[in-house]
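Nothing in this text is a laboratory measurement; each read-out follows from the coordinates by a stated rule. What you are looking at is a predicted structure, and each value in this text was computed from that prediction instead of being measured. All Cβ positions, even for glycine, are placed from backbone atoms using ideal geometry, and neighbour counts span all protein chains on display.
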Amino acid sequence: MTAVAVTVTVLLAVAGGLTLTRVIRGPSILDRAVATDVLLAVIVAAIATEAAYSRDATALPVLVVLAVLGFVGSVSVARFAARRHDASTSSTSDGSQT
């Protein structure tokens, strides 16, 4: 069981490090938003792994809150990006609104 815990910890640490690299490097705001969502998923997986390893269910409400926060954040970013895309495509080349 200890070997599994160490392996999972290493994999989650590598995933978190690579995700932080994507958050820092970008290149666009949507890439950073997706990377932040992935980082939240890695954190949720780490907390769930620790809860399963220690057989302690007190972290479950925290997991639910983090999952809802990740969902709401993803939907908010998607709606913002859709509005931004609609605003940029609604103007024509001469600057008039359609």
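If I fit a long axis through the Cα atoms of helix 60-90 and take the longest principal axis of the Cα atoms of the chain, what angle between them do I get, 0 to 90°, rounded to 10?
Taking Cα atoms only, the helix is inclined about 20 degrees.
In degrees from 0 to 90, rounded to the nearest 10, what is the angle of the helix 29-54 Cα long axis to the longest principal axis of the chain?
Relative to the chain, helix 29-54 is tipped by roughly 20 degrees.
If we sort 47-53, 76-82, 37-43 on the protection proxy, mean other Cβ atoms within 10 Å, highest first, what's the order?
Taking the mean over residues of other Cβ atoms within 10 Å, the ranking is 37-43, 47-53, 76-82.
Grab the Cα-Cα distance for Leu18 and Ala57, subtract it from 0.36 nm times how many residues apart they are, and report the gain in nm with one decimal.
11.1 nm
Count the net charge of all other residues whose Cβ sits under 11 Å from the Cβ of Arg25, scoring Lys and Arg as +1 and Asp and Glu as -1. Display every interim value, and only then the final one.
Working: positive: Arg22, Arg32; negative: Asp31.
My count for the surroundings of Arg25 gives +1.
Normalised by the number of residues in the chain, what is the relative contact order in percent for Cα pairs under 8 Å and 6+ residues apart? Please report the intermediate quantities before stating the final value.
Values: 54 pairs, mean separation 20.6, N = 98.
Across the chain, relative contact order equals 21 percent.
As I understand it, the value is the acute angle between the Cα axis of helix 2-25 and the longest principal axis of the Cα atoms of the chain; what does it come to in degrees, rounded to 10?
With rounding to tens, the tilt is 20 degrees.
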